[in-house]
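Below is one structure, written out as structure tokens; the observations come after it.
The values are calculated or read from the model by the stated rules, or taken from the named source; none is laboratory data. This structure is a prediction, so every number in the text was calculated from the model and none was measured. Cβ placement follows ideal geometry from the backbone for every residue including glycine, while neighbour counts extend to all protein chains displayed. We work out accessible area using only protein heavy atoms, side chains counted, and drop any ligands, DNA or RNA first. Shrake-Rupley method; radii C 1.70, N 1.55, O 1.52, S 1.80 Å.
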Amino acid sequence: MGRDSFPGPWDHGGLLPGSRGSREEILDASTTVNPFGPPFRLESLFERVEKEVFSYPDPWNDRLNNRIAQRLDIDGDCLVQAPGATALIYRWMETVRPRRLVLFEPLFSEYGRAAEFYRIPVLRVPGQGLLPFLGKSPGSAREWGVETDSFDPLPGDWVVLVNPVNPTGQVLSLEEIKTFFDRLRGAGAGLLVDESFQDFLETPSSLLKEVDPDNSFLSVLRSMTKVTGLPGIRTGWLAGSRETVRRIRQSLGPWAVGAIESRVLELYYALPEWNFRDVQIARDRLSAVLVSGGWAVAEGSSPFLFVHTGWGEKAAFYRDKLFRERGVYLRITDGFGPPSGRDYVRLGFQAFRKPHVLEDVFLNWIRSF
């Protein structure tokens, strides 16, 4: 399968299509990257790698791998790092080869792309739960919930859940997700949990404690570029059974993680547990302003905002005409799942860096257009 199966340009991150401004002039609210930057000094990062970049790094990253595993309280044989979570999604798909991949929507679109590339059958499960909204709940919100009780797994299935849900911000409780995992395992099916935003939660609901060397039915994925605020330095890790991790490591090959990426992870996990209260405060402030202006914003614990717009077929026009021309990049959420995604936008972390810019467009320009 060639490159044509991967449509582009991407609607978030990467190159900003049609942009003539610098990164400082642009407010890229389409991305979910810590707007306050890394929770450590960049100077300390560059000081550490100044000499290391002239030598090959540890081929299998064993030293750092064991230190991170110890911090996470899991077996070192159950952890593998890679240059970004997206790389791990493809290596995991290649390694595990699910009989069927079950995608509980909405979720990150790369899971479907990876399954397509490896010709793995996909079952998409649209959400049925009613999202709690601040203000009046739009009727189409019923299409944006994750309900696991009614799903009947088949042997060989692997289910993908994102917790907290991206883009809606819902958090699946630890009890809820563990009960679902136990039911899957009892049916001979597995669970891949994408926990890329867990570190931002005040009350984490991670399934990481269930990972052990012989548990072949569970994998947990984290994208570290979100919390470090360094999307240009690709970092991420996956935890799973000893055999799954061993095969993914082999698939990645030696020197998959360079010196800079290794030091970013080392610095992050050398910190005491980080407090992302500044992100939460900025999120809540922007949410309150939008709600006071009549916009429906989903309640959620994640550090981004899910806003009902009702734009429908006009979504791309509003995005390009009202926002992009003012240097603001938005993520319309149709790429996460159901067609009704054109009625919503997800405001990523960068929106909190210049909230007044977004407030001006949402509260003034749209109403006068």
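Quick notes
- Charge dipole of segment 276-368 about the Cα centre (unit charges at C-beta), most positive-ward option of 357, 312, 288: 357
- Dipole magnitude (debye, nearest 20) for segment 138-237, charges at Cβ of Lys, Arg, Asp, Glu: 340 debye
- Averaging the sequence gap over all C-alpha pairs within less than 8 Å and six or more residues apart, then dividing by the number of residues, gives the chain a relative contact order of 26 percent.
- Between segment 222-278 and segment 171-206, the Cα center-to-center distance that results, in Å: 20 Å
- Across segment 243-251, computed HN-Hα scalar couplings (Karplus, 6.51 cos²θ - 1.76 cosθ + 1.60, θ = phi - 60°) run 5, 4, 5, 4, 6, 5, 4, 4, 5 Hz from first to last residue, x flagging Gly and Pro.
- Look at the dipole of the chain built from charges on Cβ: of 65, 31, 163, the Cα furthest out on the positive end belongs to 31.
- Apportionment of accessible area to carbon and sulfur, segment 276-368, percent (1.4 Å): 49 percent
- Sorting the Cα pairs of the chain by distance into bins of 20 Å, from 0 upward, gives 29, 59, 12, 0 percent per bin.
- A straight chain from residue 147 to residue 313 at 0.36 nm per residue would run longer than the Cα-Cα distance by 57.0 nm.
- Solvent-accessible area of segment 42-270 (1.4 angstrom probe, protein heavy atoms only): carbon and sulfur portion equals 50 percent.
- Å² per residue, accessible surface of segment 214-369 at 1.4 Å: 39 Å²
- Once backbone amide H atoms are built at 1.01 Å from N, residue 28 has 329 as its partners under 5 Å, excluding neighbours fewer than 5 places away on the same chain.
- One decimal place: the segment residue 277-residue 117 gains 53.7 nm when fully extended, by the rule 0.36 nm per residue minus the C-alpha distance.
- Our helix-only sum for the chain, with -39,500 (n - 2.57) per DSSP H run of n ≥ 4 divided by its residues, gives a mean residue ellipticity at 222 nm of -8500 deg cm²/dmol.
- Charge dipole magnitude, Cβ of K and R +1, D and E -1 - the chain, Cα centre, debye nearest 20: 740 debye
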